[in-house]
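Single-structure report; data block below.
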Amino acid sequence: MDFAFDARTEELRGKLLAFMDEYVYPAEAVAEEQRARLASPWDTPAVVGELKAEARRQGLWNLFLPDSEYGAGLTNLQYAPLAEITGRSPHLAPTATNCAAPDTGNMEVLTQFGDEQQKKQWLQPLLAGEIRSAFAMTEPEVASSDATNITTRIEREGDEYVITGRKWYISGAMNPDCRIFIVMGKTDPDGADIRRQQSMVLVPRDTPGVEIRRAMQVYGYEDHSHGGHAEVVFDRARVPVSNLIGEEGGGFAIAQARLGPGRIHHCMRLIGMAERAIELMCRRAVSRTAFGKPLAQQGVVQNWIADARVAVEQLRLLVLKTAWMMDTVGNRGAHTEIQAIKIATPRTVVDILDKAVQLHGAGGVSQDFPLAELWTSARTLKLADGPDEVHQRSLARREIKQYL
Ligand SMILES: Cc1cc2nc3c(=O)[nH]c(=O)nc-3n(C[C@H](O)[C@H](O)[C@H](O)COP(=O)(O)OP(=O)(O)OC[C@H]3O[C@@H](n4cnc5c(N)ncnc54)[C@H](O)[C@@H]3O)c2cc1C
């Protein structure tokens, strides 16, 4: 078994690491300063546009997209160590390289299922980083981890679909650059097959009847750097029938296809967050003295750092194995591994970040270090893209089935 990365991956890693040092880390404080002076906190700080231009110039662009006609054409195994690097600065680097969720998943959907007109109108500007997008599935009124519960209606009237429903936690939707929603709703709520009742439609932000009602908070924060997580109401919003993605009844299957790569991308970036936490822990531990000796000489601190290193090495191997399986046997064949990393990675990284916060004392929960925000991001990933318990349930059922 060869654990080395191939030549193309190494080359891109080198470029990306240099890009992070030269442009991204210095831009973190600049972005915060600029945001504080923006007319609306949901607008994009100017430095983000500068980072995007530089990343694109260097060919560090659309690395996530395996389709070489539209993206970098990397395998999951090639992309994994690159996503990890961007995860070290998750509020800037993924956007800078046009590899940020939820655009990535939406671009994948349009690449795979969009028709030529949809690609021209929405995929091209997304690939160029000119607009942002959102994915609207979750609803406050129903347990949305079970997508068959979705109640939003997509009703055909002549040459139009009329969309009625209420969604929340729609990431990115507070950002005015977010111009298009992929909305999941029911075209056939009484259909016999509960997995064929749903469809997906493209709904432009400026469609009459679309209301961005409020920004939902995350542990008391408004998540400005991710474009927020909006409550969005669709009140008889009308779009042409040509805005349907794929076929009527195909929404559930598209959602499944979208989530495999989305989940592993989150896990790759989470490993980068954990690496950043370990680095910050070590720097802090050697630079602070309490009760007569540096924190680095406290056994408990050494245990936290050692345990974090062990856990990250384990996680990375599992994520890379999952990436390799997705490349070789497909997303369906890698189902167990995708679920395993989706369960293991946020859980472990939350724990590492918690220790890093503790080691930083009050600074750990402050805005002067990235740890509090990283912790919050990692914690929400125990819910977003499917709660842990849903993945545990389905993984366990597949495991047990072998013995029935
Ligand atoms: C920061 C953030 C960003 C998000 N971004 C988006 C987005 O962009 N677009 C979007 O559509 N959604 C988004 N979501 C929503 C997210 O995908 C949902 O919260 C998630 O799917 C769970 O749905 P729910 O909140 O309705 O919880 P519910 O379905 O009500 O589940 C609640 C809890 O019940 C338990 N549970 C559920 N099913 C089972 C089971 N089978 N076995 C055991 N326990 C179970 C779990 O503990 C689960 O957490 C985001 C959420 C967050 C927090």
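The values are calculated or read from the model by the stated rules, or taken from the named source; none is laboratory data. Computed from a predicted model, the values in this text were never measured in an experiment. Cβ atoms come from the backbone with ideal geometry, glycine included; neighbour counts cover every protein chain shown. Ligands, DNA and RNA are excluded from the accessible area calculation, which covers all protein heavy atoms including side chains. Shrake-Rupley method; radii C 1.70, N 1.55, O 1.52, S 1.80 Å.
Note on the stretch 132-245: Rg/Rh from Cα positions, Kirkwood definition for Rh, rounded to two decimals, is 0.97.
Sparse packing (at most 15 other Cβ atoms within 10 Å of the Cβ) combined with a DSSP loop state is found for the following GluC sites (Glu not before Pro) in the stretch 101-138: Glu130.
Taking +1 at the Cβ of each Lys and Arg and -1 at the Cβ of each Asp and Glu, which of Gln121, Ile170, Met268 sits farthest along the dipole of the chain towards its positive end, judged by Cα position relative to the Cα centre? Of the options given, the answer is Met268.
Less than 13 Å Cβ to Cβ from Leu320, Lys/Arg counted +1 and Asp/Glu -1: what total charge do the surrounding residues give? Don't skip to the end; give the middle numbers.
On the way: positive: Arg316, Lys321; negative: Asp2, Asp6, Glu84, Glu313, Asp327, Glu337.
Residues close to Leu320 contribute a combined charge of -4.
Can you give the direction-averaged projected area of the convex hull of the alpha-carbon atoms in the chain, in nm²? Each step should come with its number before you reach the end.
Details: hull surface 86.8 nm².
Averaging across all directions leaves 21.7 nm² for the Cα convex hull.
Quote the charge dipole size of the chain about the Cα centre in Debye, to the nearest 20; the model charges only the Cβ of Lys and Arg (+1) and of Asp and Glu (-1). Let's see the in-between values first.
Values: 46 positive and 53 negative charges, 177 e Å.
Value, rounded to 20: 840 debye.
Working note: Cα atoms of the stretch 32-128, range along each principal axis, descending, whole Å: 40, 32, 22.
What's the longest bit of the chain with no exposed chymotrypsin sites (Phe, Trp or Tyr not before Pro), using DSSP loop states and at most 14 other Cβ atoms within 10 Å as the test?
Details: sites that count: Phe3, Tyr219, Phe291, Tyr403.
Longest stretch, sites excluded: 4-218.
Over the alpha-carbon set of the stretch 331-404, divide Rg by the Kirkwood Rh and report the Rg/Rh ratio to two decimals. Walk me through the numbers before you get to the answer.
Details: Rg = 15.9 Å, Rh = 13.8 Å.
Ratio of gyration radius to Kirkwood radius: 1.16.
Please give the per residue accessible area of the chain, computed with a probe of 1.4 Å over protein heavy atoms only, in Å².
The answer is 46 Å² per residue.
Rounded to the nearest 20, the size of the Cβ-charge dipole of the stretch 252-401 about its Cα centre is 200 debye, with Lys and Arg at +1 and Asp and Glu at -1. Each other residue within a Cβ distance under 10 Å of Glu108 adds +1 if Lys or Arg and -1 if Asp or Glu, for a net charge of -1. Distance between the 7 Å Cα→Cβ label points at Ser40 and Asn303: 5.0 nm. A helix-only calculation puts the chain at -15000 deg cm²/dmol for mean residue ellipticity at 222 nm, using -39500 (n - 2.57) for each DSSP H run of at least four residues, averaged over all residues.
Under the simplified labelling scheme, the Asp235-Val310 pair shows an inter-label distance of 5.7 nm, with each label point 7 Å from Cα along Cα→Cβ. A simple rule links phi to the HN-Hα coupling: the Karplus curve 6.51 cos²θ - 1.76 cosθ + 1.60 with θ = phi - 60°, which for the stretch 290-307 gives 9, 6, x, 8, x, 4, 4, 8, 7, x, 5, 5, 4, 4, 4, 5, 5, 4 Hz, with x for Gly and Pro. When the Cα positions of Leu38, Ala296, Gln198 are compared along the charge dipole of the chain, Ala296 comes out farthest toward the positive end, with charges on each C-beta of Lys, Arg, Asp and Glu.
When only Cα pairs under 8 Å and 6 or more residues apart are kept, what is the percent relative contact order across the stretch 273-404?
Relative contact order of the stretch 273-404: 25 percent.
Taking every C-alpha pair closer than 8 Å and separated by at least 6 residues, the mean separation divided by the residue count of the stretch 7-114 gives a relative contact order of 29 percent. Axis angle, to the nearest 10 degrees, between helix 371-380 and the longest C-alpha principal axis of the chain: 40 degrees.
Quote the relative contact order of the chain in percent (integer), defining contacts as alpha-carbon pairs under 8 Å separated by 6+ residues.
Values: 662 pairs, mean separation 55.4, N = 404.
The value is 14 percent.
Net charge of the neighbourhood of Thr336, taken over other residues with C-beta under 10 Å away and scored Lys/Arg +1, Asp/Glu -1, is -1.
Counting other Cβ atoms within 10 Å, which GluC sites (Glu not before Pro) in the stretch 33-73 have at most 15 and lie in a DSSP loop?
Here the GluC sites (Glu not before Pro) that fit, given the DSSP loop and packing criteria, are Glu69.
With +1 assigned to the C-beta of every Lys and Arg and -1 to the C-beta of every Asp and Glu, and no other charges, what is the dipole magnitude of the stretch 328-393 about the Cα centre in debye, to the nearest 20?
On the way: 7 positive and 8 negative charges, 46 e Å.
Taking the Cα centre of the stretch 328-393 as origin, the dipole is about 220 debye.
Take the Cβ atoms of Lys120 and Phe291, set R0 to 60 Å, and the FRET efficiency comes out at 0.35. Computed in the context of the full set of protein chains, the accessible area of the stretch 304-383 at 1.4 Å probe radius has 57% of its extent on carbon or sulfur.
If you filter the stretch 205-246 for GluC sites (Glu not before Pro), then keep DSSP loop positions with at most 16 other Cβ within 10 Å, what is left? Display every interim value, and only then the final one.
Working: sites: Glu211, Glu222, Glu231; in loops: Glu222.
For GluC sites (Glu not before Pro) across the stretch 205-246 that sit outside H, G, I, E and B with at most 16 neighbouring Cβ atoms in 10 Å, the list reads Glu222.
Helix 103-113 and the longest principal axis of the C-alpha atoms of the chain enclose an angle of approximately 40°.
Residue-wise HN-Hα couplings along the stretch 151-165, as the Karplus relation 6.51 cos²θ - 1.76 cosθ + 1.60 with θ = phi - 60° gives them from phi, are 10, 3, 9, 10, 10, 7, 10, x, 8, 10, 9, 10, 10, 9, x Hz; Gly and Pro carry x. Relative to the globular-protein estimate of 2.2 N^0.38 Å, the Cα radius of gyration of the stretch 210-304 stands at 1.85.
To the nearest Å, what is the center-to-center distance of the stretch 180-218 and the stretch 350-404, using C-alpha atoms only? Spelled out, the Cα-based centre of one part sits 28 Å from the other. Which angle from 0 to 90°, rounded to the nearest 10, does the C-alpha axis of helix 251-287 make with the longest principal axis of the chain? Here the helix axis deviates by roughly 20 degrees.
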